[in-house]
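Read through the structure below, which is laid out as structure tokens, and then see the notes.
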Amino acid sequence: MEAASTRGVQTFRPQLLERRARLQQASASVSTAYINDLIAEVDAALARVESGSFGLCETCHDTIEADRLERNPLVRFCLDHLSGAELEAHQQDLDLAAQIQLQLLPPRDIALEKWDTHYRYEPLGAVGGDYCELIAASGGESLFFAVGDVAGKGVAASLLMTHLSAIFRSLLSLDLTFADVVSRANRLFCESTAPAHYATLVCGRITADGAELCNAGHCWPLLLRAGTTQRLDSTGLPLGLFSGAQYAVHRLSLGAGDSLVLYSDGITEAQDPRGNEYGDDRLIHSLQVHSGQAAEAMADGVLRDLARFREGRQPGDDMTLLILRRRS
């Protein structure tokens, strides 16, 4: 209970006070009874903050789900103790969020003249906070790609992922260098999200000649070529931490049969029943075993190997795998 109270004072009390102020400002244009009811809800939440019961279910006194509190600090019950109508509305919201996220995912396989691609996106729940993107330029002369991981889980993280996707889609429509795209995406993400929100990200652009790559604090991209695997270092901070952060873009030259592999930590941090992690080395080994195959077959091989490793243990995080392979 003490931890819930501390979180409430430090994180939610200012939000609740701001809501109250906004309600009072809107009182002239909305019915008095309606405004008073909403202010009473906010005051009740503030009282829970002061008493130390904020964030605790009023029925079972267990902690309310963090993502639900982030979306609505007025909630009073955990999911197990919602009313029938509230539970139905919550499920409808989840179903709608899942449909929206599914529509935002790119086509499964996009091919350029010299490249083929394939990705797998497996959210932990109905929706996920991983970011996966493939956007072909008009005419097919280049392809933007990205894999990222937004801080948090569930619906709250999926909403941030959707926001990040919208930022990149807007910037890619402009005539900007790739370094400018990433730095401006970071600045926009900083200015339009809460301070605690950030995203690790690997993104780049491939053309007929090669690839540009930027790693903003994400897992190492892997470059497979001629039986060897190279880990590519991070070139910048996660997006959303500092609005003025700078990002270096590296140029990669890939030959026929070379592959660039991006993934989220839900893969490398997956555990077997004894608590051992799958890890980078196992991922690299599995990729090397299947390196002579097409991108889809490589992805299939990695996920089969990962499933064998887990021995039935359920995933603990969203999992994303993206493979870009040069054909010729």
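Structure notes:
- Residues in the stretch 151-162 that are closer than 23 Å to Ile110 by Cβ and at pLDDT 80 or above: Met161, Thr162.
- All conditions in (1) crowded, with 20+ Cβ neighbours inside 10 Å; (2) closer than 21 Å to Thr200 by Cβ hold for Ala245, with the sole exception of (1).
- Of all the listed residues (Leu213, Leu223, Leu164), the sole one being outside any helix (DSSP H, G or I), hydrophobic (A, V, I, L, M, F, W, C) and touching a residue at least 40 places away in the same chain (Cβ under 8 Å) is Leu213.
- Just one of the numbered conditions (1) among the hydrophobic types (A, V, I, L, M, F, W, C); (2) open to solvent by 10 Å² or more (accessible area, probe 1.4 Å); (3) over 21 Å from the mean Cα position of the chain (by Cα) is not true of Trp220: (3).
- Looking across Leu239, Leu254, one residue alone is in contact (Cβ under 8 Å) with a residue 40 or more places away in the chain, aliphatic (A, V, I, L, M) and closer than 21 Å to Ala157 by Cβ. It is Leu239.
- Candidate set: the stretch 224-241, residues that are modelled with pLDDT of 90 or more and of a type in the set (D, E, K, R); chosen: the one surrounded by the fewest Cβ atoms within 10 Å (Cβ to Cβ): Arg231
- Which listed residue is at pLDDT 75 or above and either at negative phi or assigned to a helix (DSSP H, G or I) (or both), from Leu102, Leu143, Leu87, Leu94: Leu143
- Selection of first residues in the stretch 300-319 that are touching a residue at least 12 places away in the same chain (Cβ under 8 Å) and part of a loop (DSSP other than H, G, I, E, B) and of second residues that are open to solvent by 40 Å² or more (accessible area, probe 1.4 Å) and of a type in the set (A, V, I, L, M, F, W, C), restricted to Cβ pairs under 8 Å at least 6 apart or on distinct chains, gives the following pairs, ordered by first then second residue: Pro315/Leu124; Gly316/Leu124; Asp317/Leu124; Asp318/Leu124.
- Restricting attention to the stretch 240-261, the residues that are in contact with a Cys (Cβ under 8 Å, 6 or more places away or on another chain) and in a strand (DSSP E or B) total 1.
- Residue that is least open to solvent (accessible area, probe 1.4 Å) [pool: residues in the stretch 171-197 that are more than 19 Å from Leu213 (Cα to Cα) and either among the small types (Gly, Ala, Ser) or not in a helix (DSSP H, G or I) (or both)]: Thr193
- Qualifying residue in the stretch 74-84 (condition: at pLDDT below 75, touching a Leu at 6+ places or on another chain (Cβ under 9 Å) and assigned to a helix (DSSP H, G or I)): no
The values are calculated or read from the model by the stated rules, or taken from the named source; none is laboratory data. Computed from a predicted model, the values in this text were never measured in an experiment. Backbone-built Cβ (ideal geometry, glycine too); neighbour counts: all protein chains shown. In case anyone asks, the SASA skips ligands and DNA or RNA and just uses the protein heavy atoms, side chains included. Shrake-Rupley method; radii C 1.70, N 1.55, O 1.52, S 1.80 Å.
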